[in-house]
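The values are calculated or read from the model by the stated rules, or taken from the named source; none is laboratory data. Keep in mind the model is a prediction, meaning the values are calculated, not measured. Every residue, glycine as well, gets a Cβ built from its backbone with ideal geometry; the counts of neighbours run over all protein chains shown.
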Amino acid sequence: MSALTGKTALVTGASRGIGRAIATRLAERGAMVVVHFGADEHGAKATVEEIERAGGTALAVGAELGVDGDAETLVAGVAAALAGRPLDILVNNAAAPPAGPLGVTTRAEFDRLFAVNVRAPYFIIQRALPLLRDGGRIITISSVATRMANPAQTSFAMTKGAIETMSLTLANELGARGITVNAVAPGATRTPANAAIFESPGLADAITASTALGRLGEADDVADVVAFLASDAARWITGQIIDASGGLFLGPRLTPAPA
């Protein structure tokens, strides 16, 4: 029997990239997965089809995040998809991308980042709590941007810092129900959607040289960490930020002097 057999899961932003990898991994482990999408219904259906081809069970639910009523719309769709079954695993993966450095970020872009990356997951959790089974799992995707100074991602990093604080405080609040709350912080992770970024001359080499494990991350690297946190093996882990970056920017990689 797979580790998550009989469990149900919601993965937001699961139409592609890390979200798709997480959804397919949870399904491989036996969970029935609700695949959320914002605008990319075609991508969500492709995720569902991939899960079903592998023998898993999934349904797609659409809801635009960052707008009024987003959490209510999503959770109502999830409740309908579950048809009376409780929710066991909630993965907040959907996020708006970095809007740029201080000098060019507009107020609208800043507000959009916080609406999607902070407000939406907060109220999704709030609205989903009645569905979430005691002993459930809440996992939110953060970023190593919270521990690095990257001027191109200041506002984005701020949103992820808020998510990490949320995870810490909710872990303390929800522990009475046996619900664990953790965040996973990926680093430079290559997916089909962002592959072109890493084709910039020298970028992939520079990141690899600054990564302890010596390569770019892949979506499956993050998905495996999430699947672990969703499992019973992680029952004693809560309120933690799990770095899933392969050791990105841990410090200078010094070569020992010859003896």
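Kindly indicate which of G30, G55, G38 is free of Cβ contacts under 8 Å to residues at least 24 places away in the same chain, more than 13 Å from the chain's Cα centre (by Cα) and farther than 21 Å from A185 by Cα.
G55
If the Cβ limit is 8 Å and pairs must be 6+ apart or interchain, which residue in the range 85-111 that is among the β-branched types (V, I, T) pairs with which residue that is part of a loop (DSSP other than H, G, I, E, B)?
Correct list of pairs: I89/L4; I89/K7; I89/A31; V91/T12; T105/A99; T106/A99.
Would you confirm, using the coordinates I've provided, whether T255 is β-branched (V, I, T), assigned to a loop (DSSP other than H, G, I, E, B) and in contact with a helix residue (DSSP H, G or I) (Cβ under 7 Å, 6 or more places away or on another chain)?
No: the conditions fail for T255.
Which one of A244, A204 is in contact with a helix residue (DSSP H, G or I) (Cβ under 8 Å, 6 or more places away or on another chain) and surrounded by fewer than 19 Cβ atoms within 10 Å (Cβ to Cβ)?
Every option except A204 fails the conditions.
Which condition number in (1) at pLDDT below 95; (2) under 21 Å from L74 (Cα atoms); (3) not aromatic (F, W, Y) is the one that N194 fails?
(2)
Here's the yes/no breakdown for (1) part of a helix (DSSP H, G or I); (2) of a type in the set (D, E):
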{"residue": "P121", "(1), (2)": "yes, no"}
{"residue": "Q126", "(1), (2)": "yes, no"}
{"residue": "D134", "(1), (2)": "no, yes"}
{"residue": "I139", "(1), (2)": "no, no"}
{"residue": "K160", "(1), (2)": "yes, no"}
{"residue": "S167", "(1), (2)": "yes, no"}
{"residue": "A171", "(1), (2)": "yes, no"}
{"residue": "A193", "(1), (2)": "no, no"}
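If I ask for residues that are at negative phi and either among the hydroxyl-bearing types (S, T, Y) or out of contact with any Ser or Thr (no Cβ under 9 Å at 6 or more places or on another chain) (or both), which ones from the range 12-47 would you list?
T12, S15, I22, T24, R25, L26, T47
Give the residues of the range 173-184 that are part of a strand (DSSP E or B) and either touching a residue at least 60 places away in the same chain (Cβ under 8 Å) or among the acidic types (D, E) (or both), sorted by residue number.
Result: N182, V184.
Test L113 against the stated conditions and say whether it is assigned to a helix (DSSP H, G or I), at pLDDT 95 or above and in contact with a strand residue (DSSP E or B) (Cβ under 6 Å, 6 or more places away or on another chain).
In short, no.
With the requirement that a residue be more than 16 Å from A128 (Cβ to Cβ), modelled with pLDDT of 95 or more, in a loop (DSSP other than H, G, I, E, B) and not small (G, A, S), what does the range 1-38 give you?
Passing the criteria: L4, T5, R16, R29.
How many residues are buried (at least 17 other Cβ atoms within 10 Å of the Cβ) and in a helix (DSSP H, G or I) when one looks only at the range 44-81?
Here the count works out to 13.
Can we say D232 is out of contact with any Leu (no Cβ under 7 Å at 6 or more places or on another chain) and surrounded by fewer than 19 Cβ atoms within 10 Å (Cβ to Cβ)?
yes
Give the range 226-237 a look and list any residue that's under 18 Å from the mean Cα position of the chain (by Cα) and either over 14 Å from I89 (Cα atoms) or not in a loop (DSSP other than H, G, I, E, B) (or both), or say none.
Across the range 226-237, the qualifying residues are V226, A227, F228, L229, A230, A234, I237.
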